[in-house]
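The values are calculated or read from the model by the stated rules, or taken from the named source; none is laboratory data. Everything quoted here is computed from the prediction, not taken from an experiment. As a convention, Cβ positions derive from the backbone with ideal geometry for all residues, glycine included, and neighbour counts pool all protein chains shown. Please note that ligands, DNA and RNA were not included when accessible areas were found on the heavy atoms of the full protein model with its side chains. Shrake-Rupley method; radii C 1.70, N 1.55, O 1.52, S 1.80 Å.
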Amino acid sequence: MQYFNNILCIEASKLIKSQGNPEGLITKDHYDVLKHRNRIRLIRRSSFNTPALIEFDTLPSKFKEDLIQKFGDPHEQAAKKPFRDRIEADSKALEYFTSYRLEDGRMLPEASIKEYCNDAAILNAIMDIYIARQKRRAALGGSRNEGEFWTNALKALNDLRNDFPCTLPDSERRLRDKYRKYVSVGYEALISRKYCNDNSRKVSVQIENLLLSLYTMPNKPYGTSVHEMYTQFVNGKIQVYDQATGEIFNREDYMRNGAPIEISESTVWNYINKLLNRATVDKQRTGSLEYNTTHRPHHHRIAPSYSLSKISMDDRDLPRKMHDGNRVKAYYAYDVASGCIIGKAYSRGKDKELFVDCIRDMFRLIENNGFGVPVEVEVEHHLVNKFADTLMKAGNVFPFVRWCNPGNSQEKRAEHLNRQKKYSVEKDSQTGIGRFYAKLEANRPRVEKIDNIYKEKRYTYEQLIADDIETIKAFNNQLHPKQKKYPGLTRWQVLCQNINPNLAKIDNAILYKYIGEKTITSIRRNQYCAVQNEKYQIEKPEILSRLLPGNYEVEAYWLPDSEGLIDKVYLYQNDEFVCYATKIKAYNESTAEQTDEDKEAYTQQAKFVSHFDKTIKDRKEKLKKARIMQLDELEQIALSPVETVEHTMISKDDDIEKLVEEYDPREYRDKAFNSF
């Protein structure tokens with residue numbers, strides 16, 4: 001028998017008959033039926049090393065009488081139970097203390113959790129005895145003797161401290177107060193107030209902040225210097241103030257009982273190097289790149305599965321130097337899914353044209369392979385911000401544009417791919433690849449020092465570019481690093497076989513306005529314009545009606561292909577698209593020397609001329625033969641008799657094909673020669 005939460009209980013295992021307990025009163029099946037029908041009340045379920053408890057007063061009368069006859073008065077039996085045997089593990093206390101969180105978010109120390117659980121178990125035992133004693137006193141009409149009870153309770157507690165480590169007080173008065181508080185507020189009463197209490201710390205939050213403030217001074221002092229400055233400050237030898245506000249630090253805030261709070265160098269080092277403090281001071285003491293790579297958390301991402309879903313662009317200096325000591329500037333466009341370089345550009349200086357040239361090269365590759373426009377482009381603000389309202393404005397060319405945060409190189413995919421290219425194909429095929437301060441010895445290039453001058457091999461601008469183009473080809477044809485996902489495929493194969501099916505096509509008339517070359521030219525002879533010393537014929541004569549009156553001047557946008565040839569130009573006037581113009585192919589005027597290409601070129605030119613003639617003729621026929629007549633002449637005509645004249649409508653088929661058939665090349669050839 002025992003009390004649990006002020007309720008007299010019996011262990012279920014003592015009530016049930018079994019091989020280990022043949023003197024039990026009921027079978028296990030009978031017990032289950034009584035419990036299922038709520039004929040008995042289960043106070044505590046069984047768990048590891050904790051037996052189930054049944055409320056004694058809910059047992060059927062027959063079983064209660066049998067228990068009383070066999071063991072006597074259960075209340076007296078429970079009261080006579082040894083104190084040690086009354087101490088039982090409190091599972092609810094363990095659950096409470098393990099889930100408890102301090103104000104700063106920390107868990108309670110493991111040793112404290114064990115002590116607090118013992119506190120709860122001991123106080124629960126004291127509570128059972130105290131309640132049983134009070135009930136017995138009330139039944140016998142005796143007086144209460146609180147002092148004797150707490151004297152005995154403290155004696156029993158002291159005998160158990162070695163076996164049950166706890167934090168309960170060692171005086172009667174404080175033990176009684178702790179018990180009463182425990183009965184009133186529960187497990188919370190057992191938790192010490194020392195946690196998160198700055199008064200219990202030798203180094204308070206205020207002192208800690210002072211140490212960190214001194215450590216982040218512009219001269220980046222050592223930890224020993226911080227200790228020395230703190231010691232001088234608390235002893236009145238120096239004064240410390242806040243440069244931002246002018247506030248002077250109050251020395252009395254760093255004293256206790258009128259004496260300065262002295263701390264050791266190791267204490268200063270420990271507080272500076274607490275993980276959160278280290279990150280805080282390094283935010284001010286180090287550069288953004290070092291801080292980001294050392295302390296700042298980063299995003300964990302998954303690369304897209306489709307090619308051209310996202311491209312990442314970045315510039316770099318080629319590792320090897322030119323003869324003048326400078327490095328070639330390169331700009332790359334990477335497809336993130338495949339890792340392929342799909343655009344490249346080079347220059348001696350880093351300017352906005354380098355970026356535009358890379359975009360041009362990328363769209364040449366896209367057009368040659370029939371790809372669509374990349375859905376998203378990832379760029380940095382450097383150089384590219386000049387195009388924020390034109391080429392790099394979302395929706396103009398690329399549906400999405402992502403601007404990377406400055407100083408966070410690990411954010412940009414191109415940075416990682418640049419490193420992969422450098423330390424794979426470049427290192428395998430070129431010498432002098434690496435950095436002199438690299439951690440890995442193999443990545444530190446060998447440099448000879450002769451007469452205090454570092455000697456290293458130099459190269460021409462053209463040679464460096466040619467070598468890099470070769471490494472790009474090798475890089476694109478490497479096996480894709482994710483061979484589990486793309487078994488046996490190279491980067492280029494992954495690019496071509498996994499194109500995003502939702503890519504859109506863009507009209508070159510729009511694209512070239514942003515990335516193309518521009519030439520101011522004029523429409524000549526109502527037929528062509530000159531660009532790069534070549535003649536380009538407009539689509540059809542009707543286009544001329546789109547031009548401003550008397551203004552033949554247009555802006556021609558064009559982009560040469562990989563071989564430097566221009567097949568078509570796009571004409572604008574006052575920022576409005578007019579038409580495209582194709583390159584005119586001249587033909588050999590000697591009939592004896594003409595090839596099939598000459599004949600085709602001749603036919604195309606003839607069609608345009610015939611179309612022009614037809615257009616002018618049609619417009620001419622719509623004109624009236626207007627004449628000027630005086631009013632008196634009009635009156636005389638009105639009085640004259642009307643003469644009826646029969647008109648005959650003549651229909652003639654003047655379509656373009658008919659004109660071409662009737663076209664006499666000798667007639668127009670003679671006109672052409674006569675016009676020179």
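Between R402 and E621, take the C-beta separation as r, use R0 = 51 Å, and let me know the FRET efficiency to the nearest 0.05.
Computed FRET efficiency for R402 and E621 comes out at 0.30.
Through the Karplus equation 6.51 cos²θ - 1.76 cosθ + 1.60, θ set to phi - 60°, convert the phi angles of segment 457-462 into ³J(HN,Hα) values in whole Hz; use x for Gly and Pro.
These are the phi-based 3J(HN,Hα) values: 5, 10, 9, 7, 4, 5 Hz.
Using alpha carbon centroids, what distance separates segment 481-521 and segment 343-403, in Å?
About 12 Å separates the Cα centre of segment 481-521 from the one of segment 343-403.
Which value in nm describes the separation of the simple spin-label points at T151 and S266, placed 7 Å from the Cα toward the beta carbon?
That separation, rounded to one decimal, is 4.8 nm.
Using a basic spin-label model with each label point 7 Å from the Cα along Cα→Cβ, how many nm lie between S13 and R84?
According to this spin-label approximation, the distance is 1.9 nm.
Cα atoms only: what Rg and Dmax, in Å, come out for segment 458-508?
15.9, 47
Rounded to the nearest 0.05, what FRET efficiency is calculated for H300 and N250 with R0 set to 45 Å and r the Cβ-Cβ distance?
Approximately 0.45, to the nearest 0.05.
Could you work out how far apart the two model spin labels at K485 and L544 are, taking each label as a point 7 Å from the Cα in the direction of the beta carbon, and quote it in nm?
Distance between label points: 5.8 nm.
Using alpha carbons only, how many degrees (0 to 90, rounded to 10) separate the axis of helix 275-285 from the longest principal axis of the chain?
The angle comes out at about 40 degrees.
Residue by residue through segment 8-25, which ³J(HN,Hα) values in whole Hz follow from phi under the Karplus form 6.51 cos²θ - 1.76 cosθ + 1.60 (θ = phi - 60°), with glycine and proline marked x?
Each residue's phi maps through the Karplus curve to give 6, 10, 10, 5, 4, 5, 7, 8, 8, 6, 7, 4, x, 9, x, 8, x, 8 Hz.
Counting only residues 5 or more places away or on other chains, whose amide H sits under 5 Å from the amide H of I584 once H atoms are built in the peptide plane?
The answer is K535, Y536, Q537.
Considering only protein heavy atoms and a 1.4 Å probe, what is the carbon-and-sulfur percentage of the accessible area of the chain?
Answer for the chain is 49 percent, counting heavy atoms of protein chains only.
For the pair K457 and D428, what calculated FRET efficiency results from E = 1/(1 + (r/R0)^6), where r is the Cβ-Cβ distance and R0 = 25 Å, to the nearest 0.05?
0.90
I'd like to compare 120-128, 420-428, 495-503, 456-464: which one has the highest average count of other Cβ atoms within 10 Å, and what's the full order after that?
Averaged packing, sorted descending, gives the order 120-128, 420-428, 495-503, 456-464.
With a ≥ b ≥ c the root eigenvalues of the C-alpha gyration tensor of segment 188-305, is it rounded (a/c under 1.5), prolate (a/b larger than b/c) or oblate?
oblate
Fully extended, how many nm does the chain gain between R101 and K274 (0.36 nm per residue separation, minus their Cα-Cα distance)?
60.2 nm
Going by Cα centres, segment 202-266 and segment 275-315 are how many Å apart?
One Cα centre to the other: 33 Å.
Determine, for each peptide in 597-610, 256-269, the mean count of other beta carbons within 10 angstrom over its residues, then list the peptides with the highest first.
With the highest mean Cβ count within 10 Å placed first, the list reads 597-610, 256-269.
According to the square roots a ≥ b ≥ c of the eigenvalues of the Cα gyration tensor, what is the shape class of segment 380-434, taking rounded for a/c under 1.5, prolate for a/b larger than b/c otherwise, and oblate for the remainder?
Here segment 380-434 falls in the prolate category.
If you take every DSSP beta bridge whose two residues both sit in the chain, what share of them, in percent to the nearest 5, is antiparallel? Present the calculation step by step, with values, prior to reporting the outcome.
On the way: 55 of 64 bridges.
Approximately 85 percent, going by the DSSP bridge assignments.
Amide H to amide H under 5 Å from T490: which residues, 5+ apart in sequence or cross-chain, H placed 1.01 Å off N in plane?
Correct list: H480.
Please say if segment 267-351 is rounded, prolate or oblate, where rounded means a/c under 1.5 for a ≥ b ≥ c the square roots of the C-alpha gyration tensor eigenvalues, and otherwise the choice is prolate for a/b larger than b/c and oblate otherwise?
Because a/c hits 1.5 or more and a/b fails to exceed b/c, segment 267-351 counts as oblate.
Using 0.36 nm per residue, how much length does the chain from S204 to S91 gain when fully extended, once their Cα-Cα distance is taken away? Working shown, then result.
Values: separation 113, 0.36 × 113 = 40.68 nm, distance 3.65 nm.
This chain segment gains 37.0 nm when fully extended.
With every protein chain kept in place and ligands, DNA and RNA left out, what is the accessible area per residue of segment 484-627? Probe 1.4 Å, answer in Å².
65 Å²
Just the number please: accessible area per residue for segment 279-335, 1.4 Å probe, all protein chains included, in Å².
51 Å²
Which angle from 0 to 90°, rounded to the nearest 10, does the C-alpha axis of helix 172-185 make with the longest principal axis of the chain?
50 degrees
Cut-off 16 Å, label point 7 angstrom out along Cα-to-Cβ of Q69: give me the residues of segment 8-42 whose amide nitrogen falls inside.
Within reach of a label on Q69, which here means backbone N under 16 Å from a point 7 Å along Cα→Cβ, segment 8-42 contributes 23-26.
For Cα pairs less than 8 Å apart in space and 6+ apart in sequence, what is the mean separation divided by the residue count of the chain, i.e. the relative contact order in percent?
Values: 795 pairs, mean separation 42.6, N = 676.
Relative contact order here is 6 percent.
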